[in-house]
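Structure, as structure tokens:
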Amino acid sequence: MRIGVAIAFGLVALSIVYLSIDEPGLTIDEPINTGHGKRMVYALTHDVARESPAVWIDGLFRSGHEHPPLARFLIGLAHASVDPAPNDADVIVPFGGRPASAIAFGVVVGLAAWEAGRWAGLAGSIWAGLFTLLLPRLLGHAYFASPEVISTAFMLASLIACRIAMEPSPRWTARVLAYVVAGFAIGLAMLTKLTAVVVPITFLISLLLTHGLRSLGPLLLTGSISMVTLVGGWPWLWPVDLPGYSAGWLGTGERLVEFFRVGLDRATIYVDYLGTQYPHDGLNVPWHFVWFFFVFTLPVSTLLLGAIGWGEMFVHRRTSPSAVVWIIMPILSLSLFTLPIDRYDSERLFLFIFPVISLLAGTAVKCAGRSRIALTILWLIGSVGMAWTLRSLVLLHPLPLSYFNELLGGLRGAERCQVELTYWGDTVTPAFLDGWASQADEGDHAILIPTLYQGHPHAMMTPAMQKRNLRIIPPPPVGTGGAPWAIVFRREGYLHDKIAKEVMQKGTLVAEQTREGVWLTRLYRLPAEH
């Protein structure tokens, strides 16, 4: 029954996203992720490594080694199913890689429902499935060709594998196999995104707390399997001679260290938080940035019942030691991002925590089951909370990444707090661009503000734009370059820029996309430059 419920929820989640997959706008990172993914698929299907593996590895992975390859490779596989020119690296279908994240979302929802059933039975499975399905920010990311939801799926699966490995078993062969599977799952999670390092740290602490020194052997086995999986699945870490690195395994070590360094030392990204513009590094953005977005971008009912479920896990940690995994993981993850490290893009950095909270919310059913009054209150909170979240999703569609909960006063409350209401360009929807196309003259172009990646505006294209030969381009270094139009999406950290201010002061507002009475994207007609 538990498996059937999990599969049903997974299919519903996949269907919801897939049926509207082309409605949110193209995000900043999607052209990058899809391009890398397409090149990986091409390299594997055309055997380009036969002549020189080192040249193949260097040419394919050097420009994208800030991320492990698995998530982008899966995006590339999804894109290959609709690719009209598989042999031309420059041809990318704008939304072609998105099904990879849609499938991952279905996996996340299904896994959360399945795992909650382990602790709270059928009712727990159903509640966890519903709570996970109605996580607005997770649902928002499920539309995009990006690593976030894919990594979340692998991380949740690996955490469940770690929990299973910690369960007692009378047969030593079963215990060894469980640790091997956990190591393999951790390695796969590490192949998706740097933040997956949370999983082995959680497993390490959980085993030490529950097994003491007896955990050294399992930890060594699991750690070895996970590292073999990571290195084996990422050719960039193979012990081959690459320009600029030492030979053999020493070069592997240098590239692994560089991966962690690059992952923590990104180009400067500006963040607007509580009315102040900050560079994104941890020495500038306040430590409470992470906690603010954690508290205010999860539905209130999920937060409340998740806390009850966490308490339920804590109570039963002695009779079910593997519960320690779910006790430690959320606290550890939020604490790590509270340290002075890079902080930007609100919940995107710690999205993987969200389904764990909804899983815990599902297990709260077990706690309430001891009292009829408590159970009635819980069902009331859960039902009203989910209904209200569903209402919010309908009103925000297709822009759930701009969701803020009732504790903050929704999107209007977030605007009053002066935090970023959108950050990834998804609010420049195809429908909004078609509206521009209906007003623009043949051959017109618009500048996109802000442009964080030069390929982002060039990749934005709809059939209506193609028909009228319209283009979107990055803004010039100074002024508006004579562009007749400007499209502005509300990433406040970059709207302090001189060009952005000039556009909004001198341009004529023609159209805007709003939610809850708050503007998220605007179209300006610009005066001719003399």
Separation between Cα centres of region 422-462 and region 118-166, rounded to whole Å: 33 Å
Förster radius 41 Å - calculated FRET efficiency between Val91 and Thr338, Cβ distance, rounded to 0.05: 0.45
Mean separation of Cα contacts under 8 Å (6+ apart) over length of the chain, as relative contact order %: 17 percent
Extent along principal axes [Cα atoms of region 430-525; Å; largest to smallest]: 34, 34, 24
Cα-based helix-to-principal-axis angle, 172-190 vs the chain, degrees rounded to 10: 10 degrees
Pairwise label distance in nanometres, Asn284 with Gln466, each label 7 Å out on the Cα-Cβ vector: 4.0 nm
Point-to-point label distance, Val55-His445, nm (Cα→Cβ direction, 7 Å offset): 3.6 nm
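How much FRET efficiency would the formula 1/(1 + (r/R0)^6) give for Arg214 and His316, where r is the Cβ-Cβ distance and R0 is 25 Å, rounded to 0.05?
Details: r = 21 Å, r/R0 = 0.85.
The value I calculate is 0.75.
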For region 215-373: relative contact order, % (alpha-carbon pairs under 8 angstrom, 6 or more apart): 22 percent
Centroid-to-centroid separation of region 176-199 and region 280-348 [C-alpha atoms, Å]: 20 Å
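Working out 0.36 nm times the residue gap between Thr376 and Arg2, then minus their Cα-Cα distance, what length gain in nm do you get to one decimal? Don't skip to the answer; put the middle values down first.
Numbers: separation 374, 0.36 × 374 = 134.64 nm, distance 2.34 nm.
Working it through step by step, the gained length comes to 132.3 nm.
So if I place +1 on the C-beta of Lys and Arg and -1 on the C-beta of Asp and Glu, and nothing else carries charge, what would the dipole magnitude of region 341-462 be about its Cα centre? I want it in debye, nearest 20. Intermediate values should be presented prior to the final figure.
Working: 8 positive and 11 negative charges, 233 e Å.
With Lys and Arg at +1 and Asp and Glu at -1, about 1120 debye.
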For Asp22, Asp88, order by how many other beta-carbon atoms lie within 10 Å, fewest first: Asp88, Asp22
0 to 90° range, to nearest 10: angle between helix 324-338 axis and the chain longest Cα axis: 40 degrees
Sites Lys498 and Trp519 - FRET efficiency at Förster radius 22 Å, r taken between beta-carbons, to 0.05: 0.60
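Based solely on its DSSP helices, what 222 nm [θ] is calculated for the chain when runs of n ≥ 4 H residues each add -39,500 (n - 2.57) and the sum is averaged over all residues, nearest 500 deg cm²/dmol? Write down the numbers at each step before the final one.
On the way: 21 runs with 295 residues, N = 530.
One gets -18000 deg cm²/dmol as the mean residue ellipticity at 222 nm.
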Neighbour-count order for Asp241, Asp47, fewest beta carbons within 10 angstrom listed first: Asp47, Asp241
Distance (nanometres) between label positions extended 7 Å along Cα→Cβ at Arg171 and Ser81: 3.6 nm
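Using +1 on the beta carbon of Lys and Arg, -1 on that of Asp and Glu, and nothing else charged, what's the dipole of region 1-108 about the Cα centre, debye to 20? Don't skip to the answer; put the middle values down first.
On the way: 7 positive and 11 negative charges, 80 e Å.
In debye, rounded to 20, region 1-108 gives about 380.
Bear in mind these aren't lab numbers, they're just calculated from the coordinates by the rules spelled out. Just so we're clear, the structure is a prediction, and the values are computed from it rather than from any experiment. Cβ atoms come from the backbone with ideal geometry, glycine included; neighbour counts cover every protein chain shown.
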